[in-house]
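Structure record follows, encoded as C-alpha cells.
The values are calculated or read from the model by the stated rules, or taken from the named source; none is laboratory data. Small disclaimer: the values here were computed from a predicted structure and weren't measured. A quick note on method: Cβ atoms are made from the backbone with ideal geometry, for glycine too, and the neighbour counts reach across all protein chains shown. Accessible surface areas use protein heavy atoms only, side chains included; no ligands, DNA or RNA. Shrake-Rupley method; radii C 1.70, N 1.55, O 1.52, S 1.80 Å.
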Amino acid sequence: MILTIDAGNSRTKWGVFDAQGRLVARGAEDNARLDALLQHAAAWTGCQKLLVSSVAGPAIDSALQALAETLGLPLLRVRSSVEACGVRNGYASPERLGSDRWLALIAAWQRYREPCVLATAGTALTVDCLSSHGEFLGGLIVPGMPLMLQSLQAGTAGLQRAEGAWCEFPTNTDDAMVSGALNASAGAVERMHAALQEREGRPVRCLLAGGDAERLAAALHMPCEILDNPVLQGLYLIESEYA
C-alpha cells in the first residue's frame, strides 16, 4: 500500500491506495493544524512509501518531511515533467506547472482518454485543457471563491462576510456577492470549454474538482462531472508507472 498526500493552498488531503489501486482510506486537515495529521496514522499501517504533491510552500514541505521521518517512510515529491502516464505537458517551462494541476490532468486522462476541461475550484480556480491526444494545451488561474469574497470584504467599507447562495437574480447583498463570484468562475470555465470545443471540433467533457466544485456546478449552464480526489489518483498513477 502507498500513502499519498496532496498539500494545497489551504488544506492537506491524504489517501491510502491498496495494491489494486483502490482508495481504501482518506482524510484531510487544514494547513494551519497540520500536526493533526498524525492522528490518522492508524489508517496508514502497511504503507511502504509516501508520495507527496505540494503547492503549499516551504513550511508545509518541511512538516511533511518530518512526518515521513516520524513514520519511517521514504518520501517521493512528485513534480511536473514533460510527459507522464500518456499526458504531454505543453507548458513553456513544464517544471513550473503546479504539481496538483499536472496530477489531476493525469487522473482525468487515464479515466476518459478524451478531450476535456478540468476546473479545480479551491482557494484558486484553475481551468485546464486536455486535447484528444492527451496534450495539456494550457489553462487559467483565477481567484477562487474564497479569494474573491475576501477581496470584496477587504476592499470595500460596506460588504462583509457573505453567507449567501447562488441565484440568477440576487436581491440581497450576500446572494449578490456569492452569485457574482460563482458567475465569474463559471464564465472562466465556459469560455475555456467553448475554446477547446472549437479547437477539437467535437464535444468535450467538463470535469470539476475541489472544495467548491458542487457550488460551481450549480452555476454552469452545461453538463459537468465532479471528480473525487484527482490529485491523489494522479499520485497513485505516477507511482504505478515508475515503480
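Overview of results
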quantity: Pair list, Cβ under 6 Å, 6 or more apart: region 54-75 residue in contact (Cβ under 8 Å) with a residue 40 or more places away in the chain, other residue open to solvent by 50 Å² or more (accessible area, probe 1.4 Å) and outside any helix (DSSP H, G or I); calculated: L73/K49
quantity: Where W102 falls short, out of the listed (1) open to solvent by 40 Å² or more (accessible area, probe 1.4 Å); (2) not in a strand (DSSP E or B); calculated: (1)
quantity: Residue count, region 33-57 (criterion: over 19 Å from the mean Cα position of the chain (by Cα) and in a helix (DSSP H, G or I)); calculated: 11
quantity: Verdict on Y236 being over 16 Å from the mean Cα position of the chain (by Cα) and aromatic (F, W, Y); calculated: no
quantity: Set G86, G139, G72, G134: member being of a type in the set (G, A, S) and closer than 30 Å to A181 by Cβ; calculated: G139
quantity: Answer residue from region 100-127, given it is under 12 Å from the mean Cα position of the chain (by Cα) and without any contact (Cβ under 8 Å) to a residue 60 or more places away in the chain and is farthest from P230 (Cα to Cα) among those; calculated: T126
quantity: Residue count for region 26-60, restricted to those that are open to solvent by less than 20 Å² (accessible area, probe 1.4 Å) and among the polar types (S, T, N, Q); calculated: 1
quantity: Flag for V204 being open to solvent by less than 20 Å² (accessible area, probe 1.4 Å) and over 30 Å from V24 (Cβ atoms); calculated: yes
quantity: Filter result (of a type in the set (A, V, I, L, M) and over 15 Å from L125 (Cβ atoms)) within region 184-217; calculated: A194, A195, L196, V204
quantity: Given (1) in contact with a helix residue (DSSP H, G or I) (Cβ under 8 Å, 6 or more places away or on another chain); (2) in contact (Cβ under 8 Å) with a residue 24 or more places away in the chain; (3) buried (at least 16 other Cβ atoms within 10 Å of the Cβ); (4) under 26 Å from D212 (Cβ atoms), number of the condition L23 does not satisfy; calculated: (3)
quantity: Residue in region 137-153 that is at pLDDT 95 or above and open to solvent by less than 10 Å² (accessible area, probe 1.4 Å) present; calculated: no
quantity: Some residue of region 79-96 being in contact with a helix residue (DSSP H, G or I) (Cβ under 8 Å, 6 or more places away or on another chain), among the basic types (K, R) and either surrounded by fewer than 17 Cβ atoms within 10 Å (Cβ to Cβ) or more than 17 Å from L140 (Cα to Cα) (or both); calculated: yes
quantity: Of all residues in region 112-123 being modelled with pLDDT of 95 or more and open to solvent by 20 Å² or more (accessible area, probe 1.4 Å), the one that is nearest to L51 (Cα to Cα); calculated: T120
